[in-house]
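The values are calculated or read from the model by the stated rules, or taken from the named source; none is laboratory data. All values derive from a computational prediction rather than experimental measurement. FYI the Cβ positions are ideal-geometry reconstructions off the backbone, even for glycines, and counts take in every protein chain you see.
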Amino acid sequence: MNKPRNNIIWPESMRTGVDCMDEQHQTLADMIRLADARLQDNSSRDIDAVILDLLSYALYHFDTEEELMRRYDYHFAEREKHCREHRRFSAAITQYQQEINQGQSVSGSELLGFVREWLTLHILITDKRLGKFLSGKIETSHD
Ligand SMILES: [Fe+2]
């Protein structure tokens, strides 16, 4: 059996301790794994579908986090910084989508590599900082 090339390693260190965030991160990681399996042939139609799926789930996920920041009154400057990272990611994905729509060829593995790298760094630094702030304020996982 072939191992997906863009498999996200999901170490304990990536857990934020906030169940809904961790579950959604896991779903994003699963989507990347599945997308990678579908993109082996580099077909642009498949890439387009993958981008749409990833973008819509990522936007939903960002809404979840941003709602938590508002509800629990996360420090304004931290919130701005965090949301700016979300917007930058969305803009990059939209750019990929426009390139596809204009008939330019987009490398699926390059796209997934970007998503994987962005997500890993964002979770490890920015989301974990939010998780730490939220810990004790909402029901978080302690296992
Ligand atoms: Fe985030």
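Selection of the range 58-78 for residues being among the aliphatic types (A, V, I, L, M) and either crowded, with 18+ Cβ neighbours inside 10 Å or under 12 Å from the mean Cα position of the chain (by Cα) (or both) yields 58, 59, 68, 69. Restricting to the range 61-105, what's the tally of residues that are closer than 23 Å to residue 37 by Cα and at pLDDT 95 or above? Of the residues in that region, 1 qualify. Restricting 132, 81, 128 to residues that are of a type in the set (D, E, K, R), assigned to a helix (DSSP H, G or I) and surrounded by 14 or more Cβ atoms within 10 Å (Cβ to Cβ) narrows the list to 128.
Among (1) polar (S, T, N, Q); (2) assigned to a loop (DSSP other than H, G, I, E, B); (3) touching a helix residue (DSSP H, G or I) at 6+ places or on another chain (Cβ under 8 Å), which single condition is residue 94 missing? Failing condition for residue 94: (2). Name the residue that is modelled with the lowest pLDDT, counting only residues in the range 23-52 that are under 30 Å from residue 133 (Cα atoms) and loosely packed, with under 14 Cβ neighbours inside 10 Å. My answer is 30.
Note on the range 84-106: residues that are in contact (Cβ under 8 Å) with a residue 60 or more places away in the chain and surrounded by 14 or more Cβ atoms within 10 Å (Cβ to Cβ) amount to 1.
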